[in-house]
Amino acid sequence: MKLYEVADDVVETGVLIAGAGAAGLLAGIKADDMNVDVAICSKGLFRKSGATVMSTGGMEVAIGHGDPTDNPDVHFRDTVVGGEYINDQRLVDVLTREAVERLVDLERMGIVFERQEDGRLFQFAPGGAHARVVILGDLAGSHYMVALNREVMRRNIRVFEEVMITNLLTTNGAISGAVGLDIKKGELIAFKAKAVILATGGAGQIYRYTSNPVQNTGDGRAMAYRVGAELIDMEMVQFHPTGLAYPPERRGTLVTEAVRMIGAYLLNNKGERFMSRYDPERMELSKRDVVARAICTEVREGRGTEWGGVYLDVSHVPEDVIERRLGVTRRKILFLTGMDLAKEPIHVYPTCHYFMGGVRADPDCSTKVPGLFVAGEEMGGVHGANRLGGNSITTLIVFGWRAGISAAKYAKEASFRPISAEQVAKERERVFGFLGRKDYIHPSKVRTELQTVMWDNVGIIRTEDSMRTALGVIERMRSYDLPKVGVPDGSRRYRMDWVEAIEFENMLDVAEMVTRSAMYRKESRGAHTRDDYPKKDNKNWLVHIVIRRVDGQMKLWTEPVELIKLKPPDV
Ligand SMILES: Cc1cc2nc3c(=O)[nH]c(=O)nc-3n(C[C@H](O)[C@H](O)[C@H](O)COP(=O)(O)OP(=O)(O)OC[C@H]3O[C@@H](n4cnc5c(N)ncnc54)[C@H](O)[C@@H]3O)c2cc1C
């Protein structure tokens, strides 16, 4: 059997990147700087898919223009305290030190952040941190994407648009390439690569209500798991406090933290600024996990609005400030809800927003699988149990950069490992097996069921019983539904239901990792809230929960967090 007989196309490249958000694009640019052949694949459209283009509020950089007491050490402290001390402090150290240099690099690429009148940068304070977020109106994400894509095109880096990487290939335990489905043509591509960087973003789509775009189905985490990489702290899923609660068909859409940064109040149905009971000092600008839990409690205890949320009210802020800082957000909300936030309160409720847990990596972005690197939201451990607003973009920029350099160095020293036609044939059988199945279960049916089960049982507040229910459904879906999931035969071009079927298997893997980790951690910490273990327990649970596939089984264990720079006061 020859490779060309089982793949419709074969592509050879030094570094292959899955994902074209800011992390993937920057990794590509840096690997190209090192004179290595690079190819970037994106499941969605370049410039338009992934979460980066949707990001609004900017990024955290400790340059002290917004707050003269700020510096990288303070940024480190805020990030670790915010993450409830289970961050990988080696990664936080790199994040906070290198952010400043990366900011300068971004400005050189044409991403020029807003200035104060004296020329220094304008910086906002997000929840739980100093005034450190640099901004570009409320549309920072599209500016990053325009500038980075321009740079990728200028360099003539090979791009594969609407190509979904479906699985990684290994030879003797090291990366040898990957298989991709060209969604446009319905054809299979075999990539021979010395190194692969996973930058497929978050996995918010495993939950019913999410701010994440449709592409964020956790593909990278599932693929890394299948080739034996370690994942950490998968129970740590961030629910952003302010997703839309009204109208129901838009539930989950993000209302940026910038609304609270300019002074919005959160009110219950009695008109109380209820955050005074949960964090009287920081009020609405408390940490995201605290605010999300507070909203959830208000609604559970009957103080919510008729749409099952609370009010977010910014109508007391002068209209010109709202227009200047939140003009795009104002118009977006008007379009989605028919309500003008400058004039009336809107209904909000937490929404699944960000995965702190992900693929475990060293500060050079390498994983336990030789030749496999990660960048961006894919990477676990940076933010511990809770991420601060603006710190994700910082992660993309710092670790996207590093991943590109590390993968290029690796590729320069490595030679291509052989990939067998049999490996690719097996993947072809799996991917094409979803097409033309008889008595099929349509992927949208099981996908919606999985999202609902995860939202109801492994969401903002969890218990052993609720998680057992979720695990039962996941196990049933894996053994009974998955073999039947498929779509009728027909055209292979742009078959998005076929893509959904492939994604569903990844979503199942990620949902299982989240559920098993959440059951394992018998305490409440940051975003992980258990009704049956309501207290944080630094004596027993100052640990990472690590997951790896061993002999086809999901194995979990704990490893102590290395407190190399900062310890909790009671330890
Ligand atoms: C609405 C919204 C607003 C936000 N605002 C902020 C903010 O203001 N500040 C902040 O710090 N953070 C913010 N975040 C979080 C931040 O935007 C994300 O964490 C970050 O952009 C993730 O970037 P990434 O490069 O890792 O992945 P993404 O930008 O999500 O890109 C993922 C890429 O992977 C591709 N992909 C997925 N699966 C595959 C596959 N199998 N094969 C090939 N390609 C694949 C996608 O098509 C896409 O190109 C926000 C998030 C959202 C959703």
Which residue out of Val159, Val146, Val179, Val94 is in contact (Cβ under 8 Å) with a residue 24 or more places away in the chain and in contact with a Leu (Cβ under 7 Å, 6 or more places away or on another chain)?
Val179
State the number of residues belonging to the stretch 170-187 that are within 14 Å of the ligand (Cβ to nearest atom) and surrounded by 23 or more Cβ atoms within 10 Å (Cβ to Cβ).
5
Residue check: is Leu508 surrounded by 13 or more Cβ atoms within 10 Å (Cβ to Cβ), of a type outside the set (S, T, N, Q) and farther than 21 Å from Val214 by Cβ?
no
Could you name every one of the helices (runs of 4 or more DSSP H) located completely within the stretch 245-335 that has at least 1 residues being of a type in the set (S, T, N, Q)?
275-278, 288-300
Pick from the stretch 124-163, criterion in a helix (DSSP H, G or I) and touching a strand residue (DSSP E or B) at 6+ places or on another chain (Cβ under 7 Å), ranking: nearest to Leu198 (Cα to Cα):
Val152
The correct count of residues that are within 29 Å of Arg430 (Cα to Cα) and more than 11 Å from the ligand (Cβ to nearest atom) in the stretch 205-232 is 12
Can you find a residue in the stretch 283-301 that is surrounded by fewer than 17 Cβ atoms within 10 Å (Cβ to Cβ) and within 29 Å of Gln123 (Cα to Cα)?
no
So for the stretch 154-163 (the condition being buried (at least 22 other Cβ atoms within 10 Å of the Cβ), at pLDDT 95 or above and among the aliphatic types (A, V, I, L, M)), does at least one residue qualify?
yes
With respect to Thr529, is the statement that it is among the β-branched types (Val, Ile, Thr), at pLDDT 95 or above and part of a helix (DSSP H, G or I) true?
no
Just to be sure, is Ile86 among the β-branched types (Val, Ile, Thr), under 22 Å from the mean Cα position of the chain (by Cα) and within 30 Å of Glu523 (Cβ to Cβ)?
yes
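Quick one: which of Leu188, Leu168 is within 30 Å of Ala518 (Cα to Cα), assigned by TED's automatic domain parsing to the domain that holds Gly376 and assigned to a strand (DSSP E or B)?
Details: Leu188 fails: within 30 Å of Ala518 (Cα to Cα).
Only one candidate passes the filter, namely Leu168.
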Could you tell me which residue of the stretch 1-20 is nearest to the ligand (Cβ to nearest atom), considering only residues that are over 30 Å from Leu106 (Cβ atoms), not aliphatic (A, V, I, L, M) and not in a loop (DSSP other than H, G, I, E, B)?
Asp9
What are the residues in the stretch 40-99 that are within 9 Å of the ligand (Cβ to nearest atom), crowded, with 24+ Cβ neighbours inside 10 Å and not hydrophobic (A, V, I, L, M, F, W, C), if any?
Ser42, Lys43, Gly50, Thr52, Ser55, Gly57, Gly58, Glu60
Scan the stretch 344-384 for residues that are more than 10 Å from the chain's Cα centre (by Cα) and in a loop (DSSP other than H, G, I, E, B) and report the count.
18
Have a look at Ala23, Ala31 and point out the one that is hydrophobic (A, V, I, L, M, F, W, C) and either away from the ligand (no atom under 14 Å from the Cβ) or surrounded by fewer than 21 Cβ atoms within 10 Å (Cβ to Cβ) (or both).
Ala31
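Out of curiosity, is Thr515 touching a Lys or Arg at 6+ places or on another chain (Cβ under 7 Å) and assigned by TED's automatic domain parsing to the domain that holds Lys445?
Numbers: touching a Lys or Arg at 6+ places or on another chain (Cβ under 7 Å): no; assigned by TED's automatic domain parsing to the domain that holds Lys445: yes.
The answer is no for Thr515.
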Scan (1) assigned to a helix (DSSP H, G or I); (2) under 26 Å from Thr253 (Cα atoms); (3) within 19 Å of the chain's Cα centre (by Cα) for the single condition Asn216 breaks and write down its number.
(1)
Residue ID - surrounded by the fewest Cβ atoms within 10 Å (Cβ to Cβ), chosen from residues in the stretch 457-493 that are in contact (Cβ under 8 Å) with a residue 60 or more places away in the chain and under 25 Å from the mean Cα position of the chain (by Cα):
Thr463
Taking the conditions exactly as written (in a strand (DSSP E or B) and either assigned by TED's automatic domain parsing to the domain that holds Ile206 or on the phi < 0 side of the Ramachandran plot (or both)), does Thr558 satisfy them or not?
yes
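The values are calculated or read from the model by the stated rules, or taken from the named source; none is laboratory data. Quick caveat, the model's predicted, so the values are computed rather than measured. Here the Cβ is made from the backbone with ideal geometry for all residues, glycine too, and neighbour counts use every protein chain on show.
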